[in-house]
1. Using only the Cα atoms of the stretch 75-183, construct the convex hull and provide its projected area averaged over every direction, in square nanometres to one decimal.
2. So which aspartates and glutamates pass the test for LYS323, namely a Cα distance under 15 Å, with those fewer than 8 places away in the same chain ruled out?
3. Using DSSP, restrict attention to beta bridges with both residues in the chain and report what percent are antiparallel, rounded to the nearest 5.
4. Hey, could you grab the Kirkwood Rh for the stretch 263-334? Inverse mean 1/r over distinct alpha carbon pairs, Å, one decimal.
5. Could you list ASP169, ASP37 in order of exposure, starting from the residue whose Cβ has the fewest other Cβ atoms within 10 Å?
6. Mind pulling the angle between the C-alpha long axis of helix 107-119 and the longest principal axis of the chain? Nearest 10 degrees, somewhere in 0 to 90.
7. Once every DSSP H run of n ≥ 4 in the chain is given -39500 (n - 2.57) and the sum is divided by its residues, what mean residue ellipticity at 222 nm do you get, rounded to the nearest 500 deg cm²/dmol?
8. What angle do you read, to the nearest 10 degrees and between 0 and 90, between the alpha-carbon axis of helix 178-189 and the longest principal axis of the chain?
Amino acid sequence: MTQKKYTESVSIVHPVCCGLDIHKRIIVACLIDQSQDEAVMEIKQFGTFTNELLLLKEWLLEHACPVVAMESTGVYWRPVHNILEGYMQVVLINARHYKNVPGRKTDVADSQWIAELLRHGLLRGSFIPDPEVRRWRELVTMRNHFVSTESDFRRRIQKLFETANIKIDSVVSDLFGVSGRNLMNLILSVPTEEITREDVRKCLRGRLNKKGEELFLAIQGFVTDHHRFMLSEYLEVVDSCRHSVNHIESRIMEVMSPHQDVLDRLQELPGISQIAAAGILARLSPCLDAFPNSAALCSWAGVCPGNNESGGKRHSGRSPVHKHPLKTLLVEVAWAAIKTKGSYYRDKYYRLKARRGAKRAIVAIAHKLLKAIYVIIKEGKRYQELGSDYLDGRNKQAQIFRLKKMAEKYGFTVVENVA
């Protein structure tokens, strides 16, 4: 056998490129220019004020730099992206994808290493959607913050009631429903020792009218002016947050109205409400050009197993994406989807739960939902419910074979009913 010497080296993809190491106050830029025969490296440092970012842009345009790779902590990359977007290709990289050698790490070395990797096409950029979609994301994120704050203060109110011996939430399933809010207003306006059974009955609505006596006993506590002051302040925050959430939701639906058809088709999936559909579309964008297939999208969102194999052994398949806003939303949607009676997702969940447990099963349902979402957005199709008997029908022959084997084991014979 003849042996041939292997001389091929890593090819150069970007002859002119720049690597940026971004911090709060400074940016270290390393420009590599190999448009001529010999590669020239130039390193400069810039501030992060807008006028200095404009100087960075002018410097890059002077060297006809078509692509820039940048790495930063938190949101410090956004001002740079705002300045460079539209003038050149901007690649935002994950720090895990380019880690430098420990002990030899400086800002200049980082920028050089980023530029070298970019030059040879060895960096993978993060998904940065269009400006319109980024505004959607910011609205959805702001709504989530208000919802989280509202939930936090609702828990504080429940804790306050416990300290005052008030047990309303032990009787009422929704403390902040109409009856619950009426009782809270009654506690704020009347001392608990002066509250009568008739006062409590006037606060109740619907089926809670039958629990008047129990609720009267539940509010017999030790509410002082101190508790009333705290309750009043907490309720003010809860009401303010609820008002802001409603206002933001109206704004979200207004700015996303041009894509109402996609939102309507997403809502046909079990468990997806109007605001959940808007949140999903804000995270993905209406085109999905950045994802070649549904598998790439599921990997990006962290709802599929990761690969971890060494020495021929497969280790933990936990996804490397531990926290992702879309993953959190999909899991919430999945919990709602499995409550839809007669649905494929409900049947699939309970089959998986028996073998793999509830947590793995719900992530698997989120995975299947995202694959369906990809087809709905990318191909413009509508959701078709498979039904709870889909898996039984697909595995019918295998189940018949298994039943025959079990019957033979116990001395019986399975005969097909031709009637």
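1. Orientation-averaged projected area of the Cα hull: 12.8 nm².
2. List returned: GLU332.
3. Details: 17 of 27 bridges.
Once the DSSP bridges in the chain are tallied, antiparallel ones form about 65 percent.
4. Details: mean 1/r = 0.0731 Å⁻¹.
Taking the inverse mean of 1/r over all distinct Cα pairs, the stretch 263-334 comes out at 13.7 Å.
5. ASP37, ASP169
6. Roughly 80 degrees between the two axes.
7. Here the helix-only value at 222 nm equals -16500 deg cm²/dmol.
8. Tilt of helix 178-189: around 80 degrees.
Where a number appears in this text, it was derived from the coordinates with a stated rule and is not lab data. Bear in mind that the values here come from a model prediction, so they are computed numbers and not experimental data. Cβ sites come from the backbone with ideal geometry, for glycine too, and all protein chains shown count toward neighbours.
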